[in-house]
Amino acid sequence: MNITRRPRRNRQSEVIRNLTEETQVSVKDLIFPLFLTEGQNKKIAIASMPNMYRLSLDYLLKEIEECIDLGIKAFAPFPQIEEDLKDAYAKESYNPNGLYLKAIREIKKHFPEVCLFTDVAMDPYSSDGHDGIVRNGQILNDETLEVLGKMALAQAEAGADMVAPSDMMDGRVGYLRQVLDNNGFTNVGILAYTAKYASAFYGPFRDALDSAPKFGDKKTYQMNPTNVKEALIEAELDYAEGADLLMVKPALPYLDVIKTLHDNFHLPIAAYNVSGEYAMIKAASEKGWIDGKKAMLECLTSIRRAGAKIILTYFAKEFSLLQKS
Ligand code: PBG
C-alpha cells in the first residue's frame, strides 16, 4: 500500500505514546468533595457512592490529613444537617456554632495550607430542600441572596479560601463579592457554579445529604440540559460580577459546555464530576462490566481535554492512590 501518512507510527511504543500525549491529569488539578455529619467517631457508608462516607469531624480531619499526604490540597466539604435544624430560611447555615462553620475553623486550624472551597446554598439547611426561599411554591431570588450573603460571610470568617455558590440564583456572584469586599474579605475568592444544569445525576449526592427537594424540581433555577448559549450568558454575568473560577456541572454529559466556556473566557474553567457520574462507574465496575480504574482515568482525562483545568471529583483520593502506586 502506498500510505504516506500513518498515524499509527506515533502509537508504536509506550515511549512515543507518552511523548505525544496531549492531556494529563495531575492530582494538583483536583478538588475533593467530602461529606460531613454531626457527632464523633462516625464513618457512615453511602450506598449509592461506594468508598465515600459521611464523616464526623474527627474522621474528616483524619481523611484530609491522609489526602494531603497523597498530594490533594483542595477540599470541598458539604454538611449533612439534622432534620430538626432545618427551616424555611436556612438559618442554621450561618450559626457560628453550627456543624459546618465549626468544621471550617477546625480544618483551617489543623491544615492552614489547604485550599478550602465552601458550599454556599440553602438546600442542606432548608426544610423545603430547595436552594432558595420558597413562598407559594415559588423560589424567591432576591430574598435568597440575603441568606447566601450571610452564609458566605460566615464561611469567610471561619476561614474559607473560596466560597462556591451552587444555588443558581440570579446576581449572586456580584452580591457575594460585595458582601465579602465590604467586610474586608477581598482575598476570599468565588468559585461560581456558572452552568449548573437541572440534572438527573445529582441523586446520590442528595441521598448522602438528605437534601432532595420536598416538592417539585429545580428547573426554575438550574439550567435546561439542552442549552449551551445560555451557559455563555451565565458565564458573562459571573465574569462581570467578579467570579474567579467558572464551573460547569455535571461534567461528562456537558463536555461541549466546558469546551465552549474554555474557548470564550480567560478565567480557569472548573468542572464538577458529580455523584451520579461517580456512581455509574462504580456500579458498572462492581458488576465487572467495565474496568473501573481505566474508566475513571478516561473520564477525568476527557474532562481535562474538553478544557477544564480544575475537576471536583469523588475520585480524587482513588486517583492519587493510583498515581502513587
Ligand atoms: C445544590 C447542590 C447539588 C450538588 C451539590 N450542591 C445539586 C442539587 O442537589 O441540586 C450535587 C453534587 C453531586 O451530585 O455530586 N446546592
* Only helical DSSP H runs with n ≥ 4 go in: add -39500 (n - 2.57) per run for the chain, normalise by residue count and round the 222 nm mean residue ellipticity to 500 deg cm²/dmol. => -12000 deg cm²/dmol
* Structure fact -> Under the 7 Å Cα-to-Cβ spin-label approximation, residue 230 and residue 140 lie apart by a distance in nanometres of 2.4
* Structure fact -> Neighbour-count ranking for 188, 15 (other C-beta within 10 angstrom, fewest to most) reads 15, 188
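What's the exposure ranking of 229, 214, going from fewest to most Cβ atoms within 10 Å? Provide the component values of the computation, followed by the final result.
Values: 229 7, 214 12.
Starting with the residue having the fewest Cβ neighbours, the order is 229, 214.
Dipole size in debye (nearest 20) for segment 26-324 around its Cα centre, Lys and Arg Cβ +1, Asp and Glu Cβ -1? Don't skip to the answer; put the middle values down first.
On the way: 33 positive and 42 negative charges, 163 e Å.
Value, rounded to 20: 780 debye.
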* **Using a Förster distance of 35 Å, the FRET efficiency for residue 182-residue 21 (Cβ separation, nearest 0.05)** => 0.15
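Answer rounded, prolate or oblate for segment 26-324, using the Cα gyration tensor with square roots of eigenvalues a ≥ b ≥ c: rounded when a/c is under 1.5, else prolate when a/b is larger than b/c, else oblate. Don't skip to the end; give the middle numbers.
Working: a/c = 1.30, a/b = 1.11, b/c = 1.16.
It is rounded, given that a/c, with a ≥ b ≥ c, falls under 1.5.
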* **Simple spin-label estimate for residue 289 and residue 28 in nanometres, 7 Å along Cα-Cβ** => 3.8
* Asked: For the chain, what proportion of DSSP beta bridges, expressed in % and rounded to the nearest 5, is antiparallel?
  -> 15
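Provide the gained length on full extension for the span residue 83 to residue 324, in nm with one decimal, where the gain is 0.36 nm per separating residue minus the Cα-Cα distance. Show your work: numbers first, answer last.
Details: separation 241, 0.36 × 241 = 86.76 nm, distance 4.01 nm.
Gain on extension, residue 83 to residue 324, equals 82.7 nm.
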* At a Cα cut-off below 21 Å, give the lysines reachable from residue 196, other chains included and same-chain residues fewer than 8 away excluded. => 214, 218, 219, 229, 249, 259, 309
* **Calculated FRET efficiency for the pair residue 6/residue 69, C-beta based, R₀ 45 Å, to 0.05** => 0.50
* Average silhouette area of segment 46-148, convex hull of alpha-carbon atoms, in square nanometres -> 7.8
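Here, each number is a calculation from the coordinates, and none is a lab measurement. Predicted model only: the values in this text are computed from it and were never measured. Please note: Cβ atoms are built from the backbone with ideal geometry, for glycine as well, and neighbour counts cover all protein chains shown.
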